[in-house]
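Remarks on the structure that follows.
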Amino acid sequence: MMRRFTAGRVDVADSAWQQRRRSGATRRAQGIEMHKGYAGTGSVLLLAACAAYAAVATAQDDAHTMIAPKDIQWGPAPPTLPKGAKIAVLQGDPGKDGPFVIRLMTPGPYRVAPHWHSRDEQLTVISGTFYLGLGDTVDMKKAKALPAGGFHYLPAKAHHYAYSKARTIVQVSGTGPFDINYLNPADDPQKKM
């Protein structure tokens with residue numbers, strides 16, 4: 001089911017997109033093609049998944065935006081991320097060229113396997129502690145703990161992994177389209193569905 005939250009109104013689309021996803025056909029969500037590529041790394045456009053699975057609170061491109069914490073619309077994270085997390089789109093469209101701001105809420109113990117993004121990423125920890133490590137394999141001893149208020153800049157194509165031990169909220173901003181490319185295709189949660 002596709003959910004779109006716009007100015008407090010919820011539009012629910014039919015499940016035809018889910019049927020195409022299960023059949024392995026090319027996916028389209030709000031006119032944005034989601035595909036796999038990059039020599040089998042399991043790359044997918046995170047935006048298309050956000051559009052299809054995340055509850056989004058977006059503003060007009062040129063509009064002034066103010067959202068109180070109680071008004072943030074959370075929905076299930078896209079299938080490109082491990083189950084259990086929630087996501088909210090605060091500004092922009094992460095699947096299109098241009099600036100965006102999203103928030104990710106982890107449920108508690110949560111891990112994102114080594115991956116990379118096509119574009120730079122800026123991450124700020126809003127609450128909790130988020131652990132980030134660089135490299136092709138998860139090494140929890142080498143990961144750096146970022147407490148609330150911590151900031152991390154990651155250049156495009158840098159290999160990294162992340163995890164939390166308790167409920168954590170992080171804000172990710174950058175220039176879309178935003179994607180996630182798992183180093184090991186077997187780590188892609190979509191392949192485990």
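Potential lengthening of the chain between Ala166 and Thr137 amounts to 8.3 nm, from the contour at 0.36 nm per residue minus the alpha-carbon distance. When you restrict to C-alpha pairs under 8 Å that are six or more residues apart and normalise by the size of region 106-148, the relative contact order lands at 39 percent.
The ratio of the alpha-carbon radius of gyration of region 56-135 to the globular-protein estimate 2.2 N^0.38 Å is 1.16.
Values in this text are rule-based calculations from the coordinates and carry no lab data. Because the structure is predicted, anything quoted here is derived from the model rather than measured.
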